[in-house]
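Below is one structure, written out as structure tokens, with a few remarks after it.
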Amino acid sequence: MQVLGLCRFSFPALGDFQIEHDTVEERRRYLYDPARLEERFRLFEAVTLPGFRAQTDEDFELLIVVGDCLPKAASDRLNDLVAPVKQIRIIQKPVDPNQKHRQAMKQVLQAARLEPGSPCLQFRHDDDDAVAVDFIERLRLAAKDGEALIAKNETIGIDFTNGYLAEFGAQGVRAAPVYKSLLGVGLGMYIAGDCSHTIISFAHNRIGRFMPVISYPDASMWVRSLNQFNDSRRAEKQKSQLTPLTAEMQRDFMTRFAIDPVITRRIHAVTARGTV
């Protein structure tokens, strides 16, 4: 079964963000601010990529969608980072000011289905978060678990509710283990053949209103990054929960997410990475 992931990397369409803008140009200035792009690149390199490089099931494709207006230096840097990961494909998409973000992303996912008449698994992913190294494997196993539900429904949600909130910087990693339902990261979806829905068709926190959801609260399956430019008004309050990594948490980060705190500190300690 095809497994497709969607990651928008500073794609400047309107809609589907808590921080909104009136025009594409305003959105572009916000997303392409050099300080914001630098933070996104550091988190993408230190947090997001390691887990996808180390997946126990390598049969998946992660689509990273960028606007055709992404600055060249940033585009080149992104291409260099993902080049060693064969499962990642960058899609450069023109930004239509009359097309909302959700519709643009749905088109990307629908075009990427190799056999639209066959079922697939999909997930969405933010460029500053992480999933566990067995995330793809667990998605496939969940589809087997849900065979009775699949027989009666075109779409099924697959929600891994155990993970971490974390903050990454030159001083190291601060984190807190949490249980969150329908957070977005660590959330997948089974989609039947000839079904036009995608993982982006629904707001992640409301997906349970439209389909059955299978939840797994066992192993830690995701890391939700808290940073300077979070698209969440709750981020500052959530940061108060974080503490330096314990020995057990550090083992979890390294074995479950392939995140090395030493490498993370080194990446964030660099003060001049060039102009993006």
Show the residue pairs meeting these rules: Cβ distance below 9 Å; 6+ apart or different chains; first residue within the range 50-61 and aliphatic (A, V, I, L, M); second residue part of a loop (DSSP other than H, G, I, E, B). 54/133; 54/258
Would you point out which residue out of 60, 44 is under 23 Å from residue 263 (Cα atoms) and either polar (S, T, N, Q) or within 17 Å of the chain's Cα centre (by Cα) (or both)? 44
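Conditions tested, residue by residue: (1) of a type in the set (D, E, K, R); (2) touching a Lys or Arg at 6+ places or on another chain (Cβ under 8 Å); (3) within 18 Å of residue 57 (Cα to Cα).
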position	(1), (2), (3)
103	no, no, no
108	no, yes, no
113	yes, no, no
124	yes, no, yes
130	no, no, yes
140	yes, no, yes
145	yes, no, yes
Of the residues 215, 181, 201, only one is polar (S, T, N, Q) and farther than 30 Å from residue 246 by Cα; which? 201
Go over the candidates 71, 97 one by one and state the one that is touching a residue at least 12 places away in the same chain (Cβ under 8 Å) and either touching a helix residue (DSSP H, G or I) at 6+ places or on another chain (Cβ under 7 Å) or on the phi > 0 side of the Ramachandran plot (or both). 97
So, in the range 113-157, exactly how many residues are more than 24 Å from residue 238 (Cβ to Cβ) and either in contact with a Ser or Thr (Cβ under 8 Å, 6 or more places away or on another chain) or of a type in the set (A, V, I, L, M, F, W, C) (or both)? 17
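The rows are residues; the columns are (1) in contact with a helix residue (DSSP H, G or I) (Cβ under 6 Å, 6 or more places away or on another chain); (2) of a type outside the set (A, V, I, L, M).
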| position | (1), (2) |
| --- | --- |
| 120 | no, yes |
| 124 | no, yes |
| 129 | no, yes |
| 133 | yes, no |
| 149 | no, no |
| 164 | no, yes |
| 168 | yes, yes |
Flag for residue 3 being in a strand (DSSP E or B), touching a Lys or Arg at 6+ places or on another chain (Cβ under 6 Å) and among the hydrophobic types (A, V, I, L, M, F, W, C): no
When the residues of the range 107-163 are filtered to those that are within 14 Å of residue 193 (Cα to Cα), in a strand (DSSP E or B) and aliphatic (A, V, I, L, M), which remaining residue is nearest to the chain's Cα centre (by Cα)? 121
Exactly one of 83, 13, 111 is without any contact (Cβ under 8 Å) to a residue 12 or more places away in the chain, aliphatic (A, V, I, L, M) and under 25 Å from residue 203 (Cα atoms), and that one is 111
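Read-outs: derived from the displayed coordinates by stated rules, not from any lab. As the structure is a computational prediction, the values presented were derived from the model and not from experiment. For neighbour counting, all protein chains shown are included, and Cβ atoms are generated from backbone atoms with ideal geometry for every residue, glycine included.
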